[in-house]
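Notes for the one structure printed next.
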Amino acid sequence: RSAVKFPFAHTKFHVQKYGDGYYAVGNEAPGRTVLSLARSEDGIHWEIVRRILDYSAYPPGDVGFQYPHFFREGNTLYLSVRAGFNEAKNYHDSNAVIFLKTEL
């Protein structure tokens, strides 16, 4: 047995298989202020290919992204994610839902 060094295992993440490999969206450790896209050809070796939302300059208690969900259509990634901004009680409280469409 071996372990997979997966970049998002500390919070909820989403993984999907596509013809050219696996894609995952999740938060980079240690907090929930950076939501990123990772890719793997084999499901074992992962690399982060893009930071989608980067709020790392903000205090982790003031902003956070959680429960991402995405799908891919061709070279377009569609993503929805719960978010807590500004007046949110903490990073896990959602006061916004973000929908993004971005090219891979």
What are the residue pairs meeting all of these: first residue in the stretch 48-63, first residue among the acidic types (Asp, Glu), second residue in a strand (DSSP E or B), Cβ atoms under 6 Å, and 6 or more apart or on different chains? ASP54/VAL34
Considering only the stretch 32-54, state which residues are part of a strand (DSSP E or B), within 13 Å of the chain's Cα centre (by Cα) and hydroxyl-bearing (Ser, Thr, Tyr). SER36
For the stretch 37-66 the number of residues that are open to solvent by 70 Å² or more (accessible area, probe 1.4 Å), closer than 14 Å to ALA24 by Cβ and of a type outside the set (A, V, I, L, M, F, W, C) is 6
Consider TYR23 carefully, then state whether it is touching a Lys or Arg at 6+ places or on another chain (Cβ under 7 Å), touching a residue at least 12 places away in the same chain (Cβ under 8 Å), open to solvent by 30 Å² or more (accessible area, probe 1.4 Å) and not small (Gly, Ala, Ser). no
Taking the residues in the stretch 18-41 that are among the charged types (D, E, K, R) and modelled with pLDDT under 95 as candidates, determine which candidate is nearest to SER80 (Cα to Cα). ARG32
With respect to the numbered conditions (1) over 21 Å from GLU103 (Cβ atoms); (2) modelled with pLDDT of 85 or more; (3) aliphatic (A, V, I, L, M), which one is the sole condition not fulfilled by VAL49? (1)
GLY31 versus (1) touching a strand residue (DSSP E or B) at 6+ places or on another chain (Cβ under 6 Å); (2) open to solvent by less than 40 Å² (accessible area, probe 1.4 Å); (3) closer than 30 Å to ARG1 by Cα: which is the lone unmet condition? (1)
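Restricting to the stretch 3-17, and then to whatever is part of a loop (DSSP other than H, G, I, E, B) and touching a residue at least 40 places away in the same chain (Cβ under 8 Å), can you tell me which residue is most open to solvent (accessible area, probe 1.4 Å)?
For the stretch 3-17, the residue satisfying everything is LYS5.
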Selection within the stretch 55-98 - part of a strand (DSSP E or B) and polar (S, T, N, Q): GLN66, THR76, SER80
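The values are calculated or read from the model by the stated rules, or taken from the named source; none is laboratory data. Everything numeric in this text was worked out from a predicted model, so none of it was measured. Virtual Cβ from ideal backbone geometry, glycine too; neighbours counted across all protein chains shown. Side chains are part of the model used for accessible areas, which takes the heavy atoms of the whole protein and leaves out ligands, DNA and RNA. Shrake-Rupley method; radii C 1.70, N 1.55, O 1.52, S 1.80 Å.
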